[in-house]
Amino acid sequence: MKLINGATYGIIYEDGLALATAACLSKSTGIPNIMMVELWQTCLSQLERELPPQDFNTWVRPLQCGDSQNPLTLLAPNRFVLEWVKQHYLARITSIVTGLQADCRVELDIGTRERAVPRPSAVNPAPSRTPTAAATPPPEKTAVTSKAPPQSAPVPDNLDPTYTFDTFIAGKSNEIARAASEQVALNPCDKHYNPLFIYGGVGLGKTHLMHAIGNHIRKHRDGARVMFVTSERFVSDMVKALQHHSIDVFKNNYRSADVLLIDDIQFLAGKERSQDEFFHTFNELLGRHCQIVMTSDTYPKEIENLDDRLKSRFSWGLSVAVELPDVETRQAILMSKAAASQCDLPPEVAFFISNHIRSHIRDLEGAFRRVMAHSKFMGKPITLEFTKDALKDLIALHDRAISVDNIQKVVAEYYKIRVADLVSKSKKRPLTRPRQLAMALSREFTSESLPSIGGFFGGRDHTTVLHATKKVAELRETDRGFFEDYEKIRQLLSH
Ligand code: ADP
Ligand code: MG
């Protein structure tokens, strides 16, 4: 660790670990409490060796030591971190500390020591690691108060008002993601959660949480410019702007947000120009103390074909995972969805559906809608027997491990074409419909991601798969022949 600026109240260390040390300057006297500083420093180094980097950076690094002698008081930036540290690390911290100084007690409190230096106003251009004092953007003030420059293009406002924290059911699988999202909603721009990166499989509530953050901030902070976009929208806006020579409008628009919520960031993969533009937007927003929330299907470092600069920036704040909820949580989610649709769903039916449809929540909802539709259509109440019957095919499908290969074979046989035609580049009509159908079925009945389904179909782009699923959904509504083909193929797959 090297001292690069040591004037009174002007200490910046190259190594972010020293943030804790700098923060140990006694607030009242300005005199460093040397013993506690050294003690905590040694403890930090030990914990850094013991813990996975992500855990260390997220929970331990933000702790600052207070100026008391004994106990050693560790200040957590907020209650969330305090509780987490208490539950998971306090015992270990105490044991390291008492190993170093037998009579020293450790206490946790909420608070922040004054920084020894005014933070730089722009984002450090080349951080080498996850949140360090010098590398992270300034945390102190909250920018979420509509103060962005006037804009020529409107901020898209497409938050779904039904996706709130109240409608999000918490369980073990999502408790950290939910708690972190609530923290961001309550205290946007806290540097320990900026950016907030929520990752996990499809249909597990990432987008829901993101909207919940946006809805909360919008409700509680008058005039805040909350902007929700998918990364695809970001790319398409940029392409349009380039076509119409209006890239400045595009830049101003995105950079005017107080809170930028950007969904499915993995789709920026391989798009260099968009990544570059996003990189600058990201820096600008963080430099202005704006909150950024992102979602992705994987941990930032694992997104393929993504610029390393972005990967590293994405891990600056807090990355949290959502996982598949257990059956009880799925049941609770389903019951709450049913209640929101004014449907009195018996608990045993909700349990039955949750127990048999184990892929993700979107599928659960799909199954539930199917039962509701059958019940309405046939004028029968939703009982367990009725549900078993209505979901016969679907459950058979879910009980079988269906692969994309499988789907391609069945679809090809049904339409009397070859699998090679399905995956070929040919755009002839007799091939495109079956191909789209096969892609849509793959999306529905396998856990493959959009890009990986694209890969099965001759290396097509994920947007082609997305388009196919939308087209198929539309044709199922409007084209009776197509609807019947779809149903028959689905039945074939379930046997
Ligand atoms: P993802 O973005 O992870 O693919 P979504 O947020 O779109 O998933 O969630 C899919 C559906 O499942 C949405 O309707 C969402 O409301 C619902 N859902 C997922 N998890 C939960 C939860 N814990 N509580 C309530 N609804 C949930
Ligand atoms: Mg989503």
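Throughout, read-outs are computed from the coordinates displayed, never taken from laboratory work. Source: prediction; values computed, not measured.
Rg then Dmax, both in Å and based on the Cα atoms of the range 233-310: 12.3, 35.
Apply the a/c threshold of 1.5 to the C-alpha gyration tensor of the range 262-420 and tell me whether it is rounded, prolate or oblate. The shape class here is oblate. Pairs from the list Lys172/Lys301; Lys427/Lys470; Lys191/Lys271; Lys219/Lys311 with a Cα-Cα gap above 22 Å: Lys172/Lys301; Lys191/Lys271; Lys219/Lys311. Rg over Rh for the range 326-373 works out to 0.90, both radii taken from alpha-carbon positions and Rh defined as the Kirkwood radius. All alpha carbon pair distances within the range 159-267 were sorted into 10 Å bins beginning at 0; the resulting P(r) in whole percents reads 14, 43, 31, 11, 1. Translational diffusion of the range 365-495, estimated by Stokes-Einstein from the Kirkwood radius over alpha carbon pairs at 37 °C in a medium of 0.692 mPa s, is 213 µm² per second.
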